[in-house]
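The values are calculated or read from the model by the stated rules, or taken from the named source; none is laboratory data. Quick caveat: nothing in here was measured; it's all calculated off a predicted structure. Neighbour counts are summed over all protein chains in view; Cβ atoms, including those assigned to glycine, are modelled from backbone coordinates with ideal geometry.
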Amino acid sequence: MIARFSPSAKKMPDAGRDTNAAQPATSRSRQGIVAAGLAAAMLLAGCGPREETAKPPPAVEPAVLTALVWAPDWAEEMHRVADVFMREHPDVRFDLQFMIGNSVEENLKPKAATDSLPDIISVNPNPYTAALADQGMLADIGDTAAWGNMLEILQHDWTSPTGRRFGIPTGLATSLIYYNRDMFERAGIGKLPTDFDEFLGAAAALKKAGFTPLALSGAFPNMLGNGPFSYGFANNVAARMPDWRTRIADGTLVLDNADGAAIFARLKTLHDKKLLQADCMRSGYDDTLRQFAEGRAAMTFQGTWAAGSLMHSRDLRVGVFAPPWNDKGQALTPVIGSETGFAVAQRSSERNRKAAKQFIDFLYGPGMPIWQGKRQNIPPFRKVSDEVSGDRALFTLVERMEKDAAPIGNPGLYYSYLPANTIEVLHGLLQAVLSGKKSPEDAARALQESIGDQARTHNK
C-alpha cells in the first residue's frame, strides 16, 4: 500500500541543486512536519479504496424448502420437527403445507401433471409413485442414512422398476382391531375371535351388553380402504391369486365373482346387523378415534399409526388383535407393509435436493422422537433408538404377523396398489356399500371395470 502511493507524496528535486543547504533549521523542521502530514494523509487516502473492496460478500439467501405432507394426526409435530431443523440449519427455511382429502394420490396428481412437485412430498409405495420415480420426477434417496437403516423387507416396495430408491416410510404398517378389554369382559367374551363368524359373534355379545360393537370411519374412506378392504382383498383374492399384482397392472383382475363380492360383503354385514355406531357415515378419522378413546365403542378398525391415540386413551385398558377377516377354517392372511412415507423431488435445485435429503435424515434421526412419541407407531428400521415409544404387546403382535406374511412377500396395504384413479372410485364404492346404497356384487363389478379401464388408458 505504501509503495503504491508514496511517489505522489514527494516533489522531485531540480538537477544540481541541494534543496536543504540554504534553509534554516526551523524551516526544515516545519517542512518535515508538513511532509509527514501529507504522507499520512495520502496513506489514509490510499487505504480508502482497499477497505471498500475488502467488505464481506452479502449473505447467501436461505434455501426455502417446499413440502406437501400427509399427516392427518401429527401436523403439529411436523411443524415442530421443521422448527428444530431450521434452528440447527439457519440457511434453510420451510414452506410447509398439508394434504387434504381422502388420499395421498389425489393430492399428488395435479402437482405431477403440471411438473410442480414440492421439494419434499408424502408418497405411498405403489405403482403410481414408482412410475413418477422412473419418469425422473422423484430423486434417488438411497444415499441417505435413513435408507441404509430401513428394513430390507420394505426397501423392495420403495424401489422403482428401474432401481430408483424413491422414498422412506414413516413406519411398518398394518391395520388392527383395537378393543376395550373391560367391555369385552362385561360382555362375557373370554376368547378373541379368529375368523369372521367369531367376530360377528363377539360383536353380537357386545351389542347385547349395551355397547356399540365397532366404530368405523365412514366419512373417511381412506381408512375403509386400509382396513376392511385391504383385509378383504388379502383373504378373498390375494390368498387365491398369487399374480394379483400383474393382473391389476394389465387389467385382467377378475372381481365379478363370489371372491370379489366377499370383499364388500363384510361391510354390508356389519351395516345390516347394526353393529356400527349410529353416525358412522358422518364419522371422520378423528371422530372415530375419539369415539373409541371416550369409551363410546368397544372396538375400532385402525392402523398401527393410531396406536398413540388409542392404546392409552383415558386410562382405558386397550388390547389389539389381527382383524379376523378370514372364513372359518381358513388361515388368516395378514396385511403387513409400509405407512405413507417421504420422497424428494428430482427437479428441485441441487441445493434444495441436498437440503431436503438432510431433512429426511433429521426427520428419521434426531427429530424422530418428536413425532413418533405421539404416534407410537412401529419404526421401519433395523436399528431402533431406545427412545422409541409404543406398546410392546402391539409390537410383538405385528412382529408375529410380519413373519406369517413373509412367505407371500409382505405385500402391504393392498388398497394402495390400485391405480390412483381407481382408488378414488373405490372410496365411493366402499361408502355406498357401507350405507346400504349398493350391493357387494355391483361394487365388485365396478371395481373390476375401473381397474380394466385404467390399464387400457395406461397402455395406450
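Do we have any residue at all in the stretch 402-415 that's under 30 Å from Ala278 (Cα atoms), under 29 Å from the mean Cα position of the chain (by Cα) and not aliphatic (A, V, I, L, M)?
yes
Go through Gly167, Gly260, Gly225 for me and flag whichever is touching a Phe, Trp or Tyr at 6+ places or on another chain (Cβ under 6 Å) and closer than 20 Å to Ala443 by Cα. Outline the logic, then answer.
Working: Gly167 fails: closer than 20 Å to Ala443 by Cα; Gly260 fails: touching a Phe, Trp or Tyr at 6+ places or on another chain (Cβ under 6 Å).
Of the residues listed, the single one that is touching a Phe, Trp or Tyr at 6+ places or on another chain (Cβ under 6 Å) and closer than 20 Å to Ala443 by Cα is Gly225.
If Arg314 satisfies all but one of (1) modelled with pLDDT under 95; (2) surrounded by 15 or more Cβ atoms within 10 Å (Cβ to Cβ); (3) within 19 Å of Leu206 (Cβ to Cβ), what's the number of the condition it fails?
The single condition Arg314 does not satisfy is (2).
Filter the stretch 400-420 down to the residues that are assigned to a loop (DSSP other than H, G, I, E, B) and among the hydrophobic types (A, V, I, L, M, F, W, C), then identify the one that is farthest from Ser309 (Cα to Cα). Quick ask: steps written out before the conclusion?
First, the residues of the stretch 400-420 that are assigned to a loop (DSSP other than H, G, I, E, B): 409-413, 418-419.
With among the hydrophobic types (A, V, I, L, M, F, W, C) added as a condition, the list becomes 413, 418.
Values: Leu413: 21, Leu418: 28 Å.
Among those residues, the one meeting the criterion is Leu418.
For the stretch 222-236, state whether one or more residues are assigned to a loop (DSSP other than H, G, I, E, B), at negative phi and aromatic (Phe, Trp, Tyr). Don't jump to the end; show me each part of the working.
Quick first cut of the stretch 222-236, residues assigned to a loop (DSSP other than H, G, I, E, B) only: none.
The answer is no; no qualifying residue exists.
Quick check on my filter: what residues within the stretch 356-401 are out of contact with any strand residue (DSSP E or B) (no Cβ under 9 Å at 6 or more places or on another chain), of a type in the set (Asp, Glu) and either under 21 Å from Pro72 (Cα atoms) or at pLDDT 90 or above (or both)?
The one that is out of contact with any strand residue (DSSP E or B) (no Cβ under 9 Å at 6 or more places or on another chain), of a type in the set (Asp, Glu) and either under 21 Å from Pro72 (Cα atoms) or at pLDDT 90 or above (or both): Asp361.
Looking at the stretch 186-197, which of the residues that are surrounded by fewer than 16 Cβ atoms within 10 Å (Cβ to Cβ) and in contact (Cβ under 8 Å) with a residue 12 or more places away in the chain is nearest to Gly295 (Cα to Cα)?
This residue is Arg186.
If you check Ala298, Ala239, which single one turns out to be surrounded by 15 or more Cβ atoms within 10 Å (Cβ to Cβ), modelled with pLDDT under 95 and more than 19 Å from Pro221 (Cα to Cα)?
Values: Ala298 fails: modelled with pLDDT under 95.
Unique residue meeting the criteria: Ala239.
Do any residues in the stretch 427-445 that are in the same structural domain as Ala262 (by TED's automatic domain parsing) have Cβ atoms under 8 Å from those of residues that are part of a loop (DSSP other than H, G, I, E, B) and charged (D, E, K, R), where the two are at least six apart or on different chains, and which pairs are they?
Here the result reads Leu429/Lys438; Ala432/Lys438; Glu441/Asp256; Ala444/Asp256; Arg445/Asp256, each pair linking the stretch 427-445 to a residue that is part of a loop (DSSP other than H, G, I, E, B) and charged (D, E, K, R).
Does Ser435 satisfy the criteria of being touching a Gly at 6+ places or on another chain (Cβ under 9 Å), surrounded by fewer than 23 Cβ atoms within 10 Å (Cβ to Cβ) and within 23 Å of Ile153 (Cα to Cα)? So that I can check it myself, show each step before the final result.
Working: touching a Gly at 6+ places or on another chain (Cβ under 9 Å): yes; surrounded by fewer than 23 Cβ atoms within 10 Å (Cβ to Cβ): yes; within 23 Å of Ile153 (Cα to Cα): no.
Here the answer is no, as Ser435 does not meet what is asked.
Output the residues belonging to the stretch 69-81 that are small (Gly, Ala, Ser) and either touching a His at 6+ places or on another chain (Cβ under 9 Å) or without any contact (Cβ under 8 Å) to a residue 40 or more places away in the chain (or both).
Our first condition is that a residue be small (Gly, Ala, Ser); within the stretch 69-81, this holds for 71, 75.
If the condition is that a residue be small (Gly, Ala, Ser) and either touching a His at 6+ places or on another chain (Cβ under 9 Å) or without any contact (Cβ under 8 Å) to a residue 40 or more places away in the chain (or both), then Ala75 is the only one that fits.
Is it the case that Val388 is under 21 Å from the mean Cα position of the chain (by Cα) and either surrounded by 14 or more Cβ atoms within 10 Å (Cβ to Cβ) or of a type in the set (Val, Ile, Thr) (or both)? Lay out the reasoning, then the answer.
Values: under 21 Å from the mean Cα position of the chain (by Cα): yes; either surrounded by 14 or more Cβ atoms within 10 Å (Cβ to Cβ) or of a type in the set (Val, Ile, Thr) (or both): yes.
So Val388 fits the description; yes.
For the stretch 402-423, does any single residue satisfy the condition of being at pLDDT 90 or above, surrounded by fewer than 20 Cβ atoms within 10 Å (Cβ to Cβ) and of a type in the set (D, E, K, R)?
no
Taking the stretch 162-185, which residues are touching an Asp or Glu at 6+ places or on another chain (Cβ under 6 Å) and surrounded by fewer than 19 Cβ atoms within 10 Å (Cβ to Cβ)? Step through it out loud before you land on a result.
First, pick out the residues of the stretch 162-185 that are touching an Asp or Glu at 6+ places or on another chain (Cβ under 6 Å): 162, 164-165, 169-171, 173.
Scanning the stretch 162-185 gives a single hit, Thr162.
Residue by residue through the stretch 248-276, note down the ones that are free of Cβ contacts under 8 Å to residues at least 60 places away in the same chain and either surrounded by 15 or more Cβ atoms within 10 Å (Cβ to Cβ) or among the basic types (Lys, Arg) (or both).
Answer for the stretch 248-276, where residues must be free of Cβ contacts under 8 Å to residues at least 60 places away in the same chain and either surrounded by 15 or more Cβ atoms within 10 Å (Cβ to Cβ) or among the basic types (Lys, Arg) (or both): just Asp259.
Please state which of the following conditions Gly428 fails to meet, knowing it meets all the rest: (1) among the small types (Gly, Ala, Ser); (2) touching a Gly at 6+ places or on another chain (Cβ under 7 Å); (3) modelled with pLDDT of 95 or more.
The number of the failed condition is (2).
Output yes when any residue across the stretch 383-399 is under 27 Å from His89 (Cα atoms), of a type in the set (S, T, N, Q) and not in a helix (DSSP H, G or I), and no when none is.
To start, the set of residues in the stretch 383-399 that are under 27 Å from His89 (Cα atoms) comprises 383-389.
Add one more test, that the residue is of a type in the set (S, T, N, Q), and what stays is 385, 389.
From what's left, not in a helix (DSSP H, G or I): 385, 389.
So far as the stretch 383-399 goes, yes, one or more of its residues are under 27 Å from His89 (Cα atoms), of a type in the set (S, T, N, Q) and not in a helix (DSSP H, G or I).
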